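**Q** I have a structure here, written as structure tokens, and I will follow up with some questions on it.
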Amino acid sequence: MPSSFRAERRAEGFTLVEVSIAMLILVIVLVLSGTLLVSMRSFAQKQQAFAEPRQTARRAIDYLAYYVRGASDMNFVQQANPAPNALMVWYMNSTGQNTGTEVQACWDNVTNANYALPGTDIFTVAEPTVGSGPISIVNWPSIAAANFDVSNYSQGCPNDTQNLIDFQRVMGCDPSCIGTGKCSSAPFMIVDSTGNWQFYTITNFMTSQCSNITNSPPNVFPQIVISPANGMNPPGGFHTVTCNDNTNPCHIMAGVQFVTFRVAPDATTGIPRLEELNTGGLFNPTVQTTGANDPFTPLLDNVEDLQVAYIYKDGTIWNTSQQVLSNAAPANTYINNVPTQGSAYPYDAQNVVGLRISVVARSARPIPTFLGGPGGKVAAVTPPENSTAVYAAGYYHYRLTATVMIQNRILGN
């Protein structure tokens with residue numbers, strides 16, 4: 001092999017300068033790529049942090065608006081002056097007619113942390129459930145526990161047993177006890193021919209007598225024992241029910257469900273969240289707290305505020321203790337800054353036609369300083385509706401407001 005060829009082979013490869021230059025270029029590329037990736041990651045985290053409270057607020061408003069739009073007075077007798085139970089603000093924790101104590105079911109800027117997150121609102125609406133509708137009744141006794149007869153219910157006839165089971169289902173009994181007779185119904189409303197109303201529960205279903213059916217109208221008597229629906233009647237028994245026979249019947253409006261909404265901290269993590277109470281009963285501040293055993297169901301985490309303003313027929317809006325209503329009821333009827341219920345005043349709850357609902361949601365995690373966290377001065381959110389809630393520092397917050405009308409109430413009517 002020629003010596004010149006061997007010399008050329010020894011000269012092949014990279015010099016130290018070439019390698020150094022290549023390494024420098026590689027380092028520059030890696031540094032630029034890393035900087036770009038970190039920048040993109042930071043941007044993505046910041047966008048996510050911005051988006052989280054917006055998504056949470058929209059979901060909360062959509063959910064709350066669904067229930068308000070579906071709220072109903074369920075008084076088919078007198079639509080011009082419906083019972084004010086679509087929005088349950090106050091109620092009588094009653095043991096008999098015109099007895100008991102008034103209890104508050106809606107709250108403005110709660111101060112007791114056992115009820116909700118301080119500074120937030122609580123509101124309660126009535127919803128019709130599946131099977132709700134008028135069922136005529138006769139031989140109505142009184143609010144005291146007694147027997148009464150139900151007519152015009154014959155869905156399960158001619159089988160008496162099946163008819164009583166069907167009636168228990170319509171009245172919202174617990175499925176585990178249907179057919180036993182010893183069931184307690186869900187709350188239901190009794191409406192008389194003038195539109196007055198009271199709430200009750202059934203504590204014992206006795207018999208069904210399909211043999212009593214006549215041609216016009218069908219006449220079935222599932223004899224049942226009634227009792228006052230604890231915590232469901234108007235303050236002072238304002239709407240006293242009067243009916244006694246087939247010529248002056250009352251009607252059962254079955255399938256009443258009360259739903260209460262609030263913001264409260266998780267008992268374990270302390271994260272604020274939107275919660276609902278839909279067990280059939282009303283919010284009772286003496287027994288329902290924010291502790292580990294409370295009956296509320298969590299809906300959405302990271303909701304820090306819920307505020308409600310009441311919109312009346314004349315367009316007036318009540319949302320603050322400083323607001324003065326024209327021709328309003330005496331000031332003492334607005335205890336804790338919520339409307340009265342069951343009165344003849346123009347600004348009674350029965351004249352509320354809609355709600356203006358505001359929520360404030362926050363990001364799921366605190367914002368790091370390099371993304372605009374505590375050291376970066378995260379922009380504050382103005383509290384809605386005279387709220388006194390305190391929002392956690394170092395989070396992105398978002399406020400959203402929606403006006404929602406109750407389904408059978410009309411502005412200006």
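**Q** Among strands (runs of 3 or more DSSP E) lying entirely in segment 233-282, which contain 3 or more residues that are modelled with pLDDT under 85 and crowded, with 21+ Cβ neighbours inside 10 Å?
**A** 250-253
Quick grid of which residues meet (1) surrounded by 22 or more Cβ atoms within 10 Å (Cβ to Cβ); (2) modelled with pLDDT under 90; (3) farther than 20 Å from TYR66 by Cα:
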site: GLN97; (1), (2), (3): no, yes, yes
site: THR101; (1), (2), (3): no, yes, yes
site: GLN104; (1), (2), (3): no, yes, yes
site: ALA116; (1), (2), (3): yes, no, yes
site: ILE122; (1), (2), (3): yes, no, no
site: SER132; (1), (2), (3): no, yes, no
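The values are calculated or read from the model by the stated rules, or taken from the named source; none is laboratory data. For clarity, every value in this text was computed on a predicted model and none was experimentally measured. For neighbour counting, all protein chains shown are included, and Cβ atoms are generated from backbone atoms with ideal geometry for every residue, glycine included.
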